[in-house]
1. For the range 173-183, what does the Karplus curve 6.51 cos²θ - 1.76 cosθ + 1.60, with θ = phi - 60°, yield as ³J(HN,Hα) per residue in whole Hz, taken in order and with x for Gly and Pro?
2. Just to check I understand the Karplus step: with θ = phi - 60° and J = 6.51 cos²θ - 1.76 cosθ + 1.60, what whole-Hz values come out for the range 872-879, glycine and proline as x?
3. Starting from the Cα gyration tensor of the range 472-623, take the square roots of the eigenvalues, sort them a ≥ b ≥ c, and report rounded, prolate or oblate (rounded when a/c is under 1.5, otherwise prolate if a/b is larger than b/c, else oblate).
4. Given 25 °C and 0.890 mPa s, compute D for the range 375-448 with the Stokes-Einstein relation, Rh being the Kirkwood radius over Cα pairs; round to the nearest whole µm²/s.
5. In terms of the Cα gyration tensor, with a ≥ b ≥ c the square roots of its eigenvalues, is the range 576-719 rounded because a/c is under 1.5, prolate because a/b exceeds b/c, or oblate?
6. Highest first, please rank the peptides 251-259, 1069-1077 by the mean number of other Cβ atoms sitting within 10 Å of their residues.
7. Residues in the range 682-703, backbone N under 12 Å from the label point at residue 637 (7 Å along the Cα-to-beta-carbon vector): list them, ranges by number please.
8. Any idea how far apart residue 124 and residue 264 come out in nm if each label point goes 7 Å out from Cα toward Cβ?
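The values are calculated or read from the model by the stated rules, or taken from the named source; none is laboratory data. These numbers were taken from a predicted model, which means no experiment stands behind them. Here the Cβ positions follow ideal geometry from the backbone for every residue, glycine too, while neighbour counts run over all protein chains shown. The area values use the complete protein model at the heavy-atom level, side chains included, leaving out ligands, DNA and RNA. Shrake-Rupley method; radii C 1.70, N 1.55, O 1.52, S 1.80 Å.
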Amino acid sequence: MPDDDDTYDDDDEDDVTGGTGSAGRAASPFYTGSEGEEVPAFIANSRRRPQAADVLKNPVKFVGDVRRAIPSGASRSIDQKVRDVVVPCNRQDPAIRTLSGEQLRAKTVEFRRRLKGGKETLDDILVEAFVVVREAARRELNMRHFDVQLVGGALLHEGCICEMATGEGKTLTSTLPAYLNALTGKGVHIVTVNDYLARRDGEWMGRVHRSLGLTVGIVQNEMDEKERRAAYDADITYVTNQEVGFDYLRDNMAPNAEALVMKRLPNFAIVDEVDSVLVDEGKSPLLITGPAPEAEGELQKHTVASGVASQMKEGLDFTVDRKEKTADLTERGMMVAEQLLGVDDVWDSWDPWGRYVLLALKAKELYLRDTHYLVREGQVMIVDESTGRVQPNRRWSDNIHQAVEAKEGVEIKHENTTVASISYQCLFKLYRKLSGMTGTAQTESEELFYTYNLNVITVPTHRPNLRVDRPHAMFRSASARWNAVADLVVSCHWEGRPVLVGTTSVENSEYLSMLLSEYRWESQDGRKVLGVPHKLLNARPNLAAKEAEIVAQAGRAHAVTIATNMAGRGTDIVLGGNAPGLARLYLERLLLPKLSKGTAEADEAIEDNPMALVVMRTKTEGVVQAAVGLAFMTARADAAIPVSPESVFALVAAAVDYAEQISRGGVVAAAAEKLAADQEAAIGGPNPVVNSLRHAAVELLQDCEVQCKSEAELVRNEGGLQVIGTALHESRRIDKQLRGRAGRQGDPGSSIFCLSMEDDLMTVYCPGWASMSVWDWSGLDESTPLYSTVVDSQLETIQASIEDFHGTHRANTYETDRIIDGQRDAIYNVRRKVLLDGQQPLRTRLIRYIEWVVDDACERGAVHGATSIESWDIDEILRDLRTIFASRKDQWRNESGRAPGVFPHYLPGVTAAGIKQSLLDKSAMPPQMPMPNLEANPEIVQAAIQGVEVVDMTPRLDPAKVTDTEPEAAEECVAARVEARMFAVKGAASLEEVGRRGYNAGDARLLRTYLSEAAIALYLDRYSRLNQRYARTDLEAVERVWVLRAIDERWQRHLVEMQVLKNSVQIRAFGQLDPMEEYRVDGARAFVDMVGEMRRTTVAHVFFFVGSAVEPMMDFEEQEREQMTEKETKEMAEMDAVKSHEEAKMGIPGRVPIADFFDTTENEDFDTTEDPERVLVENARAAKRVLAKQRELIAEERDAGNADGGRGGE
């Protein structure tokens, strides 16, 4: 059976249902019902009924009992769930047990049919669905949901966070709302913190869902697109928070619809360890990065700066604020740095070394090896401070990672630029409904409600908590603390109690391991012993891989486990150990030395391990030895030795899983035997090795279960698991999680934290405490700890302030990302529509883009109904539009800084003067030059554009027309567009309305319509010509790629600009401005500019693509070089070099002044030396205008693919 906090036994069935004795029955004042109605045990135990005798005897106790008997807040929610869910479920339970497996499975079909009928909702069938899942879990897993788990499942379905103590069965609880919400067919995501838990829970709990006819998917890091797509298409998907976040971002970078893996919109997520995911991980957003160009010598500067930093001394040359994680050079430090670097000024604007020196100092003092990171295989790998796990694919930003790599002397990798990003706050708010479960969330309940609108409700425990939490023990020095911890570990080990020691870093865990290995003590039989047998668990790769195995056996008698505070989270510590895990470990230690000789796993299996010993019957020992011998002889006969350790692990796991199912009996055992028979039939007969190992595993598991039960009784009698914390974490939640490892399911246990005045928490946040030593004036020995409620209270206050500090940082991250969230949603929605909505909506969007580009050009050219036609800058409008609706060669000329050609493809033969004169004369607009038929060669079309009269000497009777393939070119479609553009104001306008819009409003609309229809006709003509030579599906696919490329390029550049803006607005606080408001307004201005440029770029890309119909050639540069003189070639090379240098500068975040990114012309209309109040009013108005413009653009992009008209304008 997998190791987890959901392992229950049917022996406790009376406890599960609330009991049948007097303790389990009581009159309920909380819900209507007859006197004597059954109340769950956890309610009866937690609500002491007031006793009349206590009124005089103990009035304080009486008042407390009365207060607790009246439900309020969370307890009222619990009582409601007991009344509406638990009691009805228990009443229906006997009837559901009579159903066969097929009848139980048919319930899923029935539920879906009822939901589709529309008369019932999920809430209406909740009780029936929960009863079905409860029964399926009893049959498939030999587990039956406790009443508290039914309450938890109902709260999760409502979208709450359930705080359930360790061991209360959160994983099993999640099956209830997951099944219920999966009935809608919209998908359910169960989000976990790592791949191991996702795989384990998906395989384990997935048996319940599969038995009821649902599909279950599991997403793992190494999966390809096809596997991920299948997993997300399942009814229920088990996935990690990082995978679902990165898959969302990758989907919004997909080049085609086939590359999408999450085709359904986020519906319902249940987040396991929700505090770790939504709070701890919420400090930094998810980023997908791409390579960014580095300035010459950039990486080398990190190496040089690291050497300089290594020679500088804290306090003299620099100061460090470890709370804010910052470093600053002193005056002396700047002089030292300048001497070592051989420069005149470390802050020289042309060659700034100061930034690199500060980064090197931060890497030296604030980022510590074996605490914040590990060096593995020549790479710096971050260690998560909350979980203690390595995060191999993450890198610190702002060049910190490069500085740490320089410090460690490993290969320095280039800084990347952001390609896509999203915070966890914005990611999980995409779900229609969100819920979560954890053992510790109350301390963060305010933040969780504010950010995610999630209420935290504490669910009562199934049995009373018997854990004893002792006060903190404060030592003067770290060495005294470590010695005391070693003494306490040896004392518990001598008694037979298991011990779990939590540390805050790899370095501390290894130091304590060394201390215990050298500890001399005397055993109960009087022997002198060197070293305490123990297991070490930290982020080292050889240890982290065995995390679940080590933690699962941490509850055995005499076991000592040293781990980081959060190691093994999700795997419960069962007193006496885990019998299936012990059986696996024993068989692996026998098989590996024989089958995988010479491997590291085989060498480790030979080592002495007291925790792997099993007391076996003679029969079991014979069966096990026979199975091992048969496996060895078979492998040797087949010349298969050495067998890979992975194959051995898989062979043993399959055998123990089979034994586990056989031990459950009933339908589970029958199903296991049937599966074994089917496997034999598939391979053509029995496999002797597999069968012998299965038989050995069945016998061995029985002995392991007896031994584990015996050890569990011994451990309970000795006081249960002892948890020892060696330092306080910055978050109280982490400390509570460590304490929560003891006292599972009513088991005894105890916890204590041994601290020292030299801990980081004390030196960083309470530096004065270390100097005011109580030991000096009190006469206490240095090895004597200080116990004080005052100290405990003060430490809790410090932790609360640190949590507030980090909470503010997370809030800033969320507020910052929320500003860009609406922009991201708009762009991602556009992108998804381009991918999925087909060609016709894309064509409609492109036509709208053409019209909007024309409108923007006309606005810049002062085209308005209230101004005279003579003032309209039609020359500039035409020049602007001809750079967008340009031929391929003209686009190349424009990008390379050359003058455009004299024969434009857009409105060939038409001049600005001719257009203006037509408007003044109120005559017809200049006609466009007629084009040759669609079958004409590209050279003929180019000649026609240049004014050559083309005569078709062999005209066809029925020549191909643009309208044959492009319906948008039909007269009725053109007329509809013209009407929408020309007559945006319906009905007879009043004189007042005409005056407001201007007497030239009709001419303004005419000009815009004329220019946009000319561009649309050019686009349709070129597309139709391409359609004569290529398949339309291919053309549509290529056109879509060009559109996506334009969107992606501009959006990625926008992300870089927003990052630069975020860094720059902080300085505006010195001008009494709110940086966040400044970021919001300037971010909106940047988005407005980005959307305008995205539309221009999209249209330009599309015209470049369709331009291949008349200009199939691409290498215009080579063509031009052949026609150039030597002098011209040299001048062009110099110009290209300058252009490349400028592009390189543009590609590096922070290299371009923020003024270059954002248009500030809106603020140029007033003088900042005027009245400050007027300046503030004008700024507020400008901010209001730009925010309104952003909302308008988002709405336009949302509706751009619809066919109901375009944007008009005067």
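1. 4, 5, 5, 5, x, 5, 4, 4, 6, 6, 5
2. 3J(HN,Hα) across the range 872-879, in whole Hz: 6, 8, 6, 4, 5, 4, 5, 4.
3. Details: a/c = 1.83, a/b = 1.50, b/c = 1.22.
Prolate shape, in that a/c is at least 1.5 and a/b is the bigger ratio.
4. Working: Rh = 15.6 Å.
Using the Kirkwood radius from Cα pairs, D works out to 157 µm²/s.
5. Values: a/c = 2.22, a/b = 1.19, b/c = 1.87.
It comes out oblate by the Cα gyration axes.
6. Numbers: 251-259: 15.0, 1069-1077: 11.3.
Ranking the peptides 251-259, 1069-1077 by packing returns 251-259, 1069-1077.
7. Only 688-689 pass the distance filter.
8. In this crude label model, residue 124 to residue 264 measures out at 2.1 nm.
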